[in-house]
Amino acid sequence: QVQLVESGGGLVQAGGSLRLSCAVSGGTFSWSRMGWFRQAPGKEREIVARITWSISWAPTTYYADSVKGRFTISRDNAKNTVYLQMNSLKPEDTAVYYCARAIIKGGAYEYDYWGKGTQVTVSS
C-alpha cells in the first residue's frame, strides 16, 4: 500500500519561507509525476506545482502562475521524498497543502494516491 505523508507546514509571517516534504512509502519511487496541491477554506483544490521525470529526459516542472518564481518543487530519489520550497509567502498562500502521486492510465496522468495534507498559515 502506497502512503504519502506531508510535513513541514506551520505558521509563518508574510515574506517568510517554509519547506514542505512528502515522504512516499510502500512502493517504489519509479512513477514519473508527483504534484503539490492546496485547498483554502471555501475554495476548490488547485494544483501548485508538479514534477515529471523519465529515464529519457531531465525532470520538468510546472508551477501555477500564482506561485511562479516563489515556489520550487524538487525530489530526492534516495529518500523517496518530494519537496516544495516556498519563499516570499503571502497570506493568500494559506491553505492545506497535499502531495499526490500520478501514474499513467490510458495514456494520461492520473493522481491515484494522496497524502492527508499539512496546514500552511501565513499571517500578514
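For the stretch 105-124, which positions are farther than 15 Å from Ile51 by Cβ and assigned to a strand (DSSP E or B)? Lys105, Ala108, Glu110, Asp112, Tyr113, Trp114, Thr118, Gln119, Val120, Thr121, Val122, Ser123 - these are the residues of the stretch 105-124 that are farther than 15 Å from Ile51 by Cβ and assigned to a strand (DSSP E or B). Which one is most open to solvent (accessible area, probe 1.4 Å) among residues in the stretch 66-92 that are in a loop (DSSP other than H, G, I, E, B) and either free of Cβ contacts under 8 Å to residues at least 60 places away in the same chain or closer than 19 Å to Trp53 by Cα (or both)? Of everything passing the filter in the stretch 66-92, Lys68 is most open to solvent (accessible area, probe 1.4 Å). When the residues of the stretch 15-46 are filtered to those that are basic (Lys, Arg) and either open to solvent by 60 Å² or more (accessible area, probe 1.4 Å) or modelled with pLDDT of 95 or more (or both), which remaining residue is nearest to the chain's Cα centre (by Cα)? Applying the filter and picking the extreme gives Arg38.
Do we have any residue at all in the stretch 93-103 that's surrounded by fewer than 16 Cβ atoms within 10 Å (Cβ to Cβ) and of a type in the set (A, V, I, L, M, F, W, C)? Yes, the conditions are met somewhere in the stretch 93-103.
Picking from residues in the stretch 105-124 that are hydrophobic (A, V, I, L, M, F, W, C) and in contact with a Ser or Thr (Cβ under 7 Å, 6 or more places away or on another chain), the one that is surrounded by the most Cβ atoms within 10 Å (Cβ to Cβ) is Val120.
Applying the criterion of being part of a loop (DSSP other than H, G, I, E, B) and of a type in the set (Gly, Ala, Ser) to the residues of the stretch 47-65, the residue that is least open to solvent (accessible area, probe 1.4 Å) is Ala64.
Could you say whether any residue in the stretch 21-31 is farther than 15 Å from Glu6 by Cβ and in a strand (DSSP E or B)? There is no residue in the stretch 21-31 that is farther than 15 Å from Glu6 by Cβ and in a strand (DSSP E or B).
Confirm whether Ile47 is more than 19 Å from Tyr98 (Cβ to Cβ) and among the hydrophobic types (A, V, I, L, M, F, W, C). Answer is no for this residue.
The values are calculated or read from the model by the stated rules, or taken from the named source; none is laboratory data. Keep in mind that this is a model prediction, so the values were computed, not measured. Here the Cβ is made from the backbone with ideal geometry for all residues, glycine too, and neighbour counts use every protein chain on show. Note: areas computed on protein heavy atoms with side chains; ligands, DNA, RNA excluded. Shrake-Rupley method; radii C 1.70, N 1.55, O 1.52, S 1.80 Å.
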